[in-house]
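Report on one structure; see the data block that follows.
Derivation of every value follows stated rules applied to the coordinates shown; laboratory data play no part. Everything quoted here is computed from the prediction, not taken from an experiment. Counting neighbours? That spans all protein chains shown, and the Cβs are built from the backbone with ideal geometry, glycine included.
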Amino acid sequence: MVSEDECADHTMSGEAKDSEERPKWDNKVQYLLTCIGFAVGLGNVWRFPYLCQVYGGGAFLIPYAIALVFEGLPLLYLELAIGQRLRAGSVGVWTSISPYMGGLGVASLFVSFLVGLFYNMILAWILWYFFHSFQSPLPWTDCPLNSNHTGYIPACEDSTPVNYFWYRETLNISANIETSGGLQWWLVLCLASAWCLVYICFIRGIETIGKAIYVTVTFPYLVLTIFLIEALTLPGADDGLVYLFTPNWETLKNPQVWLDAATQIFFSLSLAFGGLIAFSSYNPQKNNCESDALIVGCVNSFTSLYASIPIFAILGFLANENYIDCQNSNILTLTNAFNIGDENITRQNYEEWFEHLNFSDPSKVESLQLKTCDLQTFLDQSASGTGLAFIVFTEAVIKMPGSQVWSVLFFVMLFMLGLSSMFGNLEGVLTPLLDLQVIPSWIPKELLTGLICLTSFGVGLIFTLGSGNYWLEIFNSYVGSLPLLIIAFFEIISVVYIYGIKRFIEDIEWMTGKRPNLFWRINWCVISPLMLLIVFLAYVFVESETTVHFPMADVLHYPEWVAAICILLSVFPVLSIPLVALYNFIIYLKTQTGLPALTQLDACEMNVSLHVFQHPLVT
Amino acid sequence: MLEKLLILLFASNVLAQVCMPDAPEAYKVRLSIKTALGDQAYTWNDNELYLFRATLAFAMRNYLSGQLFDVSNILVCNETERVSFWFMVKSVTNPTTLIEKQHVENAIKESRHRINSAFLLTDQTLEFLGILPTLASPFVPATPPWLIAFGVVMGVVGAGIVYFLVAAVVQRKRKKTLDEEEEAKGATENEIAGENLDGIYNTSFSDDEKVTEM
């Protein structure tokens, strides 16, 4: 490989040229906030607290911290450094390291595009709930009435109003994935508005993103703080917090915990999308990317922890409310059956009364079929993902005073968290497209971003079908997981073994002014690739297939054509890695007229040409 | 023999006028006064029961217009501490028969709100077991509120997008004209530059000035 000094002359001139043309951040804060916004997303709010709760509270923080230090931070540092050094998006970076690895960039592009499709659907759902938060009472408080107004709709009676609102009035979910159910017009409207909101922030690339993120990244923290203060005043909040943080050290023996910690960290930091590489490529080259990586990684984890406190306080409050309701219904049953005076039985003296009645007439008491009310059972009803936001949290909100305000704040916060992550996804699509130079230069940037948004909206209409939620689950499980692991693994192998770890360290020293120490080197060379490999293998052998059948959850198996699509979704993005390598190999074989390897000039020219061709579209 | 018959007849008459729980024409009523009113709860006593019978008679009068029901037509029995009891309605036209359940139900449904109000209770705290309360249909505005919120957001966003696109077009046009001007300027500047380089001092001008300074 050609050493950087020999190319220096060329690259210096290349840099001078492209520093005029390539867009850049207004200031460092913008860049950091954008990276933080990309990393901090919906998963920090609705996935991490769930994992904490399920895997023994405080004890989960240990595998989480280990995964962060040995897998998350090194990969993050690597992506930021390589993007900053080579000043290109994912396609440009990997092609310049080696033309055979160009497929990595294309894979990142596909994954970013596919993830952006379904991620914005979630934002559309959030918008739907946001639009509905301006009513009193909130529409998910009560079931709708049946035709003669004597009771509620039976489907809602079997379930709860919150469930009904989510599954029937929002999703209008079909029975299974094969029944498509047609386009739901209200979801199409919400998806269109979500894409318009994304477009207006993304319209000029990082110019407009950089302004938008000042609001979209800081506002969620404000809302989380408000929720924290409010949640701690609610009754039952301390039960939830104690439950969340009580460490259960036994769980550490379960390998699933370590696997989930590693996957959580990996997906939480939004690695392998190409978005982080794109963002850091707009930096000046002399920038301390080590401190950037540490800041972004630590802020991401801190946000997860900080978000879990109000979430769990509120879940504790809800569990407490449900527990009280359960007890009250038992009291009412007893009062009515034994004709005891109204409100003579209270929750405090319930036990005495129960024993007395059971003693005097045990058969009658038994026939009443009283429910067993256990606070622990209610606390155990954990939820993550859309279930947490749209079912559990909405139920908690209607029991809080001033429901509309909390509902609006919550959904605006979720929307902004998701929006800042969408920016990263779309940059992961835009920058490689510009690198690949498939776009004619007369198309202005506004039009290009508009076309990207329009295409994504069009393809994303699949998620507005009656079966849309099933498709979203499939995309989430199969696109947003395995391909990323594969890409990340090849990324780290490319940089460490193809680019050369020595050269990489020298580059970093030139950029930041100090050599990365032994810790980073060991991680990059050995530990992180190994961890990625283990996580990938474990992921392949641990799958879950479930579909939800409202009003009861049923586990159904996917029909064969759907299973085929699942596999296709996992494989298709990463196909480009071997395909591009093969393509370049064929070209090399064809041009084999005494040039067994790239000459120095060729390599330098390659670097220069990449720098020169950056962003001819800057207006 | 005749005496026994008479006694039986009399007994059956009396029976018809005595309220029995679980009879086919009887309804059970349950009141939850403390739940509804808390500190302001009144104690249930015979006067309250009298009011109840009067309210029911009122409801029956409204339903079966013409028939003047009285408090004595409402039979009550099996009062409990819960405050629950059974009642039956005797017919006005034929005092030995009881009004059928369906009629009583319809009468109560019509006047439910008045009966509730008489006792400061609601459909949930004054229960007639077997008679489902007609639930109040929620207020449905003409335009669903969510569409209004959607319209506002889309309006603002649409305006923003139009602004950005127009600004981009204007900027391009301005750049184009600037580029053209620069090209034109560039040509003339070269000529001027050429002249400056020559820098020959033209004495004829200065001579003229000396002459005209007179």
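Set the Förster distance to 30 Å, then compute FRET efficiency between A:N27 and B:E182 from the Cβ-Cβ distance, nearest 0.05.
So the FRET efficiency works out to roughly 0.50.
How well do other chains shield peptide A:131-137, expressed as the mean number of their Cβ atoms within 10 Å of each residue Cβ?
For peptide A:131-137, the averaged partner shielding equals 5.
Within chain A, what is the number of lysine pairs with alpha carbons under 16 Å apart, leaving out pairs fewer than eight places apart on the same chain?
7
Between A:Y152 and residues 5 or more places away or on another chain, which pairs have amide H atoms under 5 Å apart, with H built 1.01 Å from N, and which residues are they?
Sorted by chain and number, the residues that satisfy this are A:N146.
Got a sec to turn the phi values of the range A:521-534 into Karplus ³J(HN,Hα) couplings, 6.51 cos²θ - 1.76 cosθ + 1.60 with θ = phi - 60°, whole Hz, x for Gly and Pro?
5, 5, 4, 5, 7, 10, 5, 4, x, 5, 4, 4, 4, 5
Computed FRET efficiency, Cβ-Cβ of B:M20 and A:K399, R0 60 Å: what is it to the nearest 0.05?
The calculated FRET efficiency here is 0.85.
Give me, ordered by chain and number, the residues 5 or more places off A:T179 or on other chains with an amide H under 5 Å from its own placed amide H.
Residues meeting the criterion, in which the H sits 1.01 Å from N, do not exist here.
I want to check the label-to-label distance for A:E178 and A:N248. Put each point 7 Å from Cα in the C-beta direction and report it in nm to one decimal.
3.9 nm
Each label point is 7 Å from the Cα along the Cα-to-Cβ direction; what then is the distance between the points at A:L533 and B:I148, in nm?
Once both label points are built, they end up 6.3 nm from each other.
Taking neighbour Cβ counts within 10 Å as the exposure measure, how do A:Y558, A:Y499, A:Y470 sort from fewest upward? Could you put the intermediate results ahead of the total?
Details: A:Y558 18, A:Y499 22, A:Y470 25.
Ascending number of Cβ neighbours within 10 Å: A:Y558, A:Y499, A:Y470.
Near B:K185, which lysines are there with a Cα under 23 Å away, not counting those fewer than 8 places off in the same chain?
B:K173, B:K175, B:K176
Dipole of the range B:27-128, Cα-centred, from +1 at each Lys and Arg C-beta and -1 at each Asp and Glu C-beta, to the nearest 20 debye?
On the way: 11 positive and 11 negative charges, 40 e Å.
For the range B:27-128, the charge dipole is close to 200 debye.
Is the shape of the protein assembly as shown best called rounded, prolate or oblate, per the rule: a/c under 1.5 gives rounded, else a/b larger than b/c gives prolate, else oblate, with a ≥ b ≥ c the square roots of the Cα gyration tensor eigenvalues?
Judged from the Cα gyration tensor, the protein assembly as shown comes out prolate (a/c at least 1.5, a/b above b/c).
Averaged across the residues of B:137-147, what count of C-beta atoms belonging to other chains lies within 10 Å of each residue's C-beta?
Partner-chain Cβ atoms within 10 Å, mean over residues of B:137-147: 4.
Run the reach check for B:K109 against lysines, Cα to Cα strictly under 16 Å, same-chain hits fewer than 8 apart removed. What comes back?
B:K28, B:K101
Answer with one residue from A:G450, A:F38, A:A538: the one whose Cα lies farthest towards the positive end of the charge dipole of chain A, charges on Cβ with Lys, Arg +1 and Asp, Glu -1.
So the residue we want is A:G450.
At a Förster distance of 45 Å, what's the computed FRET efficiency of B:C77 paired with A:T377, Cβ-Cβ distance as r, to 0.05?
That pair, B:C77 with A:T377, gives E of 0.60.
I want to check the label-to-label distance for A:I522 and A:S360. Put each point 7 Å from Cα in the C-beta direction and report it in nm to one decimal.
7.4 nm
Would you mind working out the magnitude of the charge dipole of chain A relative to its Cα centre, with +1 at each Lys and Arg C-beta and -1 at each Asp and Glu C-beta, to the nearest 20 Debye? Let's see the in-between values first.
Details: 23 positive and 50 negative charges, 320 e Å.
Dipole magnitude for chain A comes out near 1540 debye.
If each residue of separation counts as 0.36 nm, what is the full-extension length gain between A:A65 and A:N328 once their alpha-carbon separation is subtracted?
Gain in length upon complete extension: 90.4 nm.
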